[in-house]
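Asker: Please see the structure below; I have some questions.
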Amino acid sequence: MTVDIRVVRAGQMYRYYLRQTVVGDGRRPARTPLREAQEEAGVPAGRWMGRGLAVLGLAPGEEVTEQQLRNLFGEWGRHPYADRIEADLLAKGESPKKAFKAGALGRQVTVTGVDFVFRPQPTIYLLWALGDDETRRVIEAAHERAIERVLEWIEDEVAVIRYGKNGIYRVRPPGGLVAARFRHYEARSGMPLLHDHLLLSVKGQRLDGKWGSIHTLALHENTVAASALYNEIVAAEVCEALGLATEPRTVTPGRRPVMEIAGVPHELISWTARRSDQIADCLAELEHEYVTAVDDDGEPKFLPVVSERARAKLNGIAAKMTRPPKQKARPLAKLREEWKESAIRASGVAADVINSLLEYARAAAAGIRARVAAVVDVALAAVDVAATVFVMNDGGRFHRRHLLAEARRHLALVLRGRRRDPGLDDRIVAAAISTHCLDISEPKTVRGLESGYRLYTARWALSDLPARRRPPAPAHDPDRQPPADPSAPAAPRTRTRQRGSGRSPASR
């Protein structure tokens, strides 16, 4: 996936973000003002995003200050201008307790936000790193628009505020959300990696004006669909602006291909993939242990197919196990010079190809656009999406979000970098549910009655598809199955050997 997520907690984790993440993953010197540290690191200032800014007195694109960050993410979710609000009330003679309460956004929370990390596919950030300044600006603009679209989708379709006893009531934040975006230019290995950290506040305002907290589980559950939407949008924006096209490329044998920019040599991807190769090797070991794990009776603990969500968890474990130390951040102009020199010297790609990378990609795109029509058949797409999700999800049971993520992948494959009509992914999902899916929900809670949490299976049986190594598991919510969350505690089982640890990935 090209979108990752992790929670942000007040305290030590927030201080980590303030010391390193907001300054391009460098090391911020002690007592150095935030903007000065960002300038020294060569990264731009953070910018505010989201429809919820107006009610807090902020504007889209406004620079993020250290005090605003500290209030919203480091002080249990307070107003970005809490210190100013408190000082004004104290000056008017209000009590300290009332002044402090006026700067709060509802109840204090420990989890103050989530960190979404957005990064384009390798061929896109290679064009960004090795192309001219105009190509770089086009790709950065497409990257930003894709992030904006994903945030809008989260505000409209995903984010919910829970309230009432045990959070029984749920409501969309009508005013939208608030997020701070920070740009990074390189990976830990020093290789090019355009990516943004989007620190999304969990605070949202209900219709009655009261502030509540966004349900972070819903954000985690929809990360795959968010990643598919981001990939689709950024590729379409880049291809339409630069006259390019995408093509499917197999990265790992036996897995579905990924969509990359046609005409960009695969050797360049390998040149940037030193850290990726380390992660991939470790991930292969973790997945092998995952699918071969057995319980105390010697029976297979999981199905032999690793779900998308489980793979994302295992990939995060592999990334932590192979993480190198941080390097000192450098200005982008200097980085681009070094990257081009390194690519010419070490990638094995001819210098004239690297210097004319955009022209080679445009030539490849012309051939693709001439022979591949941008025609989406909703009925056929619905069949493909339902069948794929049915096979990939444990026991053939899934939710709407699984269909939505697969529909977006299908559109990226068919359109090859062309823009699509808004809502086409939802139309495919609606066709898949109405024609090829059975609603098998047995809701016992208010949550189970929501459309996003209805449980489906396909109208055909597993026996109609190629045989699997063992029968499907009993009917359970796929998000509650052990394969869907390898970081959760698991039942005792026979331990297997893991590099650098005696624990299995499911116990982490």
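Asker: Tell me, yes or no, whether segment 448-457 has at least one residue that is of a type in the set (Val, Ile, Thr), part of a helix (DSSP H, G or I) and at pLDDT 90 or above.
Answerer: Within segment 448-457 (the criterion being of a type in the set (Val, Ile, Thr), part of a helix (DSSP H, G or I) and at pLDDT 90 or above), the answer is no, since none of the residues qualifies.
Asker: Sticking with this structure for a sec: For segment 368-388, name all the residues that are in contact (Cβ under 8 Å) with a residue 40 or more places away in the chain and assigned to a helix (DSSP H, G or I). If you could, list the steps in order and put the result at the bottom.
Answerer: At the first step, the residues of segment 368-388 found to be in contact (Cβ under 8 Å) with a residue 40 or more places away in the chain are 368-369, 372, 374, 376, 378-379, 381-383, 385-387.
Passing the criteria: Ile368, Arg369, Val378, Ala379, Ala381, Ala382, Val383, Val385, Ala386, Ala387.
Asker: Among all residue pairs at least 6 apart or on different chains, which show Cβ distances below 6 Å where the first residue, located in segment 407-436, is under 15 Å from Arg149 (Cα atoms) and open to solvent by 30 Å² or more (accessible area, probe 1.4 Å) and the second is modelled with pLDDT of 95 or more and not charged (D, E, K, R)?
Answerer: Arg419/Ala236; Arg420/Leu411
Asker: Go through the residues of segment 292-304 one by one and say whether even a single one is touching a Pro at 6+ places or on another chain (Cβ under 7 Å) and either hydroxyl-bearing (Ser, Thr, Tyr) or part of a helix (DSSP H, G or I) (or both).
Answerer: No.
Asker: Here are the criteria: (1) within 24 Å of Phe302 (Cα to Cα); (2) surrounded by fewer than 23 Cβ atoms within 10 Å (Cβ to Cβ); (3) in contact with a Phe, Trp or Tyr (Cβ under 7 Å, 6 or more places away or on another chain); (4) not hydrophobic (A, V, I, L, M, F, W, C). Tell me which single one Arg454 does not satisfy.
Answerer: That leaves (3) as the condition not met.
Asker: Among the residues of segment 156-186, count how many are of a type outside the set (Phe, Trp, Tyr) and crowded, with 19+ Cβ neighbours inside 10 Å. Break it down into steps so the answer makes sense when it comes.
Answerer: Residues of segment 156-186 of a type outside the set (Phe, Trp, Tyr): 156-162, 164-168, 170-181, 183-184, 186.
The next check asks that each one be crowded, with 19+ Cβ neighbours inside 10 Å; those that pass are 158-161, 173, 175-181, 183-184, 186.
Qualifying residue count for the region: 15.
Asker: Out of Thr250, Thr246, report the one residue that is surrounded by 19 or more Cβ atoms within 10 Å (Cβ to Cβ) and closer than 23 Å to Val349 by Cα.
Answerer: On the way: Thr250 fails: surrounded by 19 or more Cβ atoms within 10 Å (Cβ to Cβ).
Going through Thr250, Thr246 in turn, the sole match is Thr246.
Asker: Has segment 218-239 got any residue that is small (Gly, Ala, Ser), open to solvent by 10 Å² or more (accessible area, probe 1.4 Å) and touching a strand residue (DSSP E or B) at 6+ places or on another chain (Cβ under 7 Å)?
Answerer: The answer is yes; a qualifying residue exists.
Asker: Suppose we filter segment 187-211 for residues that are open to solvent by 30 Å² or more (accessible area, probe 1.4 Å) and either out of contact with any helix residue (DSSP H, G or I) (no Cβ under 7 Å at 6 or more places or on another chain) or of a type in the set (Lys, Arg) (or both); how many remain?
Answerer: Of the residues in that region, 7 qualify.
Asker: Does segment 279-288 contain at least one residue that is under 30 Å from Gly452 (Cα atoms), touching a strand residue (DSSP E or B) at 6+ places or on another chain (Cβ under 6 Å) and either open to solvent by 10 Å² or more (accessible area, probe 1.4 Å) or basic (Lys, Arg) (or both)?
Answerer: No - not one qualifying residue is present in segment 279-288.
Asker: Moving on to the next point. Closer than 29 Å to Pro122 by Cβ and without any contact (Cβ under 8 Å) to a residue 40 or more places away in the chain - does that describe any residue in segment 233-249?
Answerer: yes
Asker: Out of the residues in segment 106-123 that are among the aliphatic types (A, V, I, L, M) and touching a helix residue (DSSP H, G or I) at 6+ places or on another chain (Cβ under 8 Å), state the one that is most open to solvent (accessible area, probe 1.4 Å).
Answerer: Step one: of segment 106-123, the residues among the aliphatic types (A, V, I, L, M) are 109, 111, 114, 117.
Okay, now just the ones that are also touching a helix residue (DSSP H, G or I) at 6+ places or on another chain (Cβ under 8 Å), so 111, 114.
Numbers: Val111: 43, Val114: 1 Å².
Among those that are among the aliphatic types (A, V, I, L, M) and touching a helix residue (DSSP H, G or I) at 6+ places or on another chain (Cβ under 8 Å), it is Val111.
Asker: Could you list, ordered by first residue, the pairs with Cβ atoms under 8 Å in which the first is in segment 104-126 and farther than 30 Å from Glu237 by Cβ and the second is open to solvent by less than 10 Å² (accessible area, probe 1.4 Å) and hydroxyl-bearing (Ser, Thr, Tyr), at least 6 apart or interchain?
Answerer: Listed pairs, sorted by first residue: Thr112/Ser201.
The values are calculated or read from the model by the stated rules, or taken from the named source; none is laboratory data. Model, not experiment: these values are computed from the prediction. Neighbour counts run over all protein chains shown; Cβ positions are idealised from the backbone, glycine included. Keep in mind that these areas ignore ligands, DNA and RNA; they rest on the heavy atoms of the full protein, side chains included. Shrake-Rupley method; radii C 1.70, N 1.55, O 1.52, S 1.80 Å.
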